[in-house]
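What follows is a short report on a single structure.
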Amino acid sequence: MKDKLMLKDNALENKTIIVTGGGTGLGKSMATAFLHLGANITICSRKIEVLKNTQEELIKETGNENLHIVACDVRKYEEVENVLNETVNRFGSFNGLVNNAAGNFISPTERLSHKAFDTIVDIVLKGTYNFSLASGKYWIKENIAANMLNIVTTYSWTGSGYVAPSAAAKGGVLALTRSLASEWAKYKIRANAIAPGPFPTQGAFSRLFPEAIHKQLDPLKRIPLKRYGEHYELANLASYLMSDFSAYMTGEVVTIDGGEWIYNAGEFNAFDNIPQEMWDYIEKEVRGKNKK
Ligand code: HXC
Ligand code: NAP
């Protein structure tokens, strides 16, 4: 990934950042970029074996040994506090948080048990406010200028059927981002969000675009740029938002989705499929209606 990074090698060297869910997928890619750029990183998630493998791989790839791992279920506040304590013990303090851990799967809402609903909302929303609250208390007490980045989705604001618990929770995370950006600016704490469109990861694609769905809905067909996102593209955006180069940005959500949500929202965008010759006919017909 190093040759695809846009920031200078030392852009994050004054940063210590906790990345939740950093053992796999987009969290792992962001952690890789941050390590290349000189940050100290803690990654946490439930599966310690996954974290150990990622730690070994990323230290080898980036040459940066300042990568700490802690097992944690983001739903449990004591475990969240333990991640913060371990990070402070290892690196002296911390000044960055990426709320990336998530749970999700595709399902008609009426088929969900109440426990299934709880599971998704608890991982996504409770996990994010647990980490945000514990970190904010620490930063304010220690008078540390700090920065939070929350990974949401484009259906945080449109909502979406078949992922209702995730949509409800991600909408909550976006509201939390904007709320804390306003309230904690006085403490020099920033909060921004990234809303990715489809980026291939095992975790997301196996649960949201299983083979059976692909025949009904090809996610690529919904994206006007006609490709998925590359992990380094999201990692570069996250690096910028976690760096001091974005110091004047807070309360913002940046979409990175190849134009997907806006394309599918726009009333007439499906007219892309109308051939040029037909536009000649349409123009004639429409002009014919003009009153002289
Ligand atoms: C219906 C289901 C289900 C399914 C689980 N449940 N899978 N119900 N359909 N496919 C129900 C279970 O029966 C149980 O309810 C409850 O949900 C909790 O399930 P557990 O397996 O006990 O939960 P847990 O072990 O905590 O696992 C959490 C998980 C799992 C969310 C279910 O998928 C997971 O670990 N996910 C983590 C990674 C992930 O989801 N990544 C994708 C993020 S992508 P009962 O009533 O039976 O007890 C994303 C946005 C992508 O967020 C946007 C793309 C554009
Ligand atoms: P992923 O690889 O499945 O990442 C999710 C991570 O969250 C995993 O590492 C998982 O690790 C961790 N996690 C889940 N439950 C947890 C819990 N209770 N406590 C601690 N950690 C937990 O999927 P991804 O695609 O990279 O998703 C990363 C983020 O991007 C998510 O916020 C997702 O909503 C967002 N996103 C992804 C896409 C996409 O297309 N990929 C699009 C829009 C938004 P463990 O299983 O070890 O706990």
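The figures follow:
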quantity	calculated
Segment 134-292 - charge dipole about Cα centre, Lys and Arg +1 at Cβ, Asp and Glu -1, debye rounded to 20	460
Local net charge near Pro165, Cβ-Cβ under 14 Å (Lys/Arg +1, Asp/Glu -1)	+3
With eigenvalues of the C-alpha gyration tensor scaled by 5 and rooted, segment 137-292, Å	39, 21, 15
Cut-off 12 Å between beta-carbons: net charge of the residues surrounding Gly21, Lys and Arg +1, Asp and Glu -1	+2
Within-14-Å neighbourhood charge of Lys47 [Cβ basis; K, R +1; D, E -1]	0
Where segment 41-176 is the region considered: accessible area per residue in Å², 1.4 Å probe	46
Cα gyration tensor, segment 22-105 - rounded (a/c under 1.5), prolate or oblate	oblate
Sulfur and carbon atoms: percent of accessible area, segment 63-124 [1.4 Å]	46
Alpha-carbon Rg with Dmax, taken over the chain, Å	21.2, 80
Share of carbon and sulfur in the accessible heavy-atom surface of segment 164-292 [1.4 Å probe, %]	57
Cα long-axis angle, helix 48-62 against the chain (0 to 90 degrees, to the nearest 10)	90
Along the chain, longest interval not containing exposed GluC sites (Glu not before Pro), exposed being DSSP loop plus at most 16 other Cβ atoms within 10 Å	66-229
Mean projected area (nm²) of the alpha-carbon convex hull when segment 122-218 is viewed from all directions	6.8
Cβ-derived FRET efficiency at R0 30 Å, Arg227 paired with Glu277, nearest 0.05	0.60
Cubic angstrom per residue, convex hull over Cα atoms of segment 1-153	118
Cα gyration tensor shape for segment 198-274, rounded if a/c is under 1.5, else prolate or oblate	oblate
Separation between Cα centres of segment 100-156 and segment 203-269, rounded to whole Å	19
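The values are calculated or read from the model by the stated rules, or taken from the named source; none is laboratory data. Here the structure is a predicted model, which means the values were calculated and not measured. Note that each Cβ is placed from the backbone with ideal geometry, even for glycine, and that neighbours are counted across all protein chains shown. Protein only, heavy atoms only, side chains kept; ligands, DNA and RNA dropped before computing areas. Shrake-Rupley method; radii C 1.70, N 1.55, O 1.52, S 1.80 Å.
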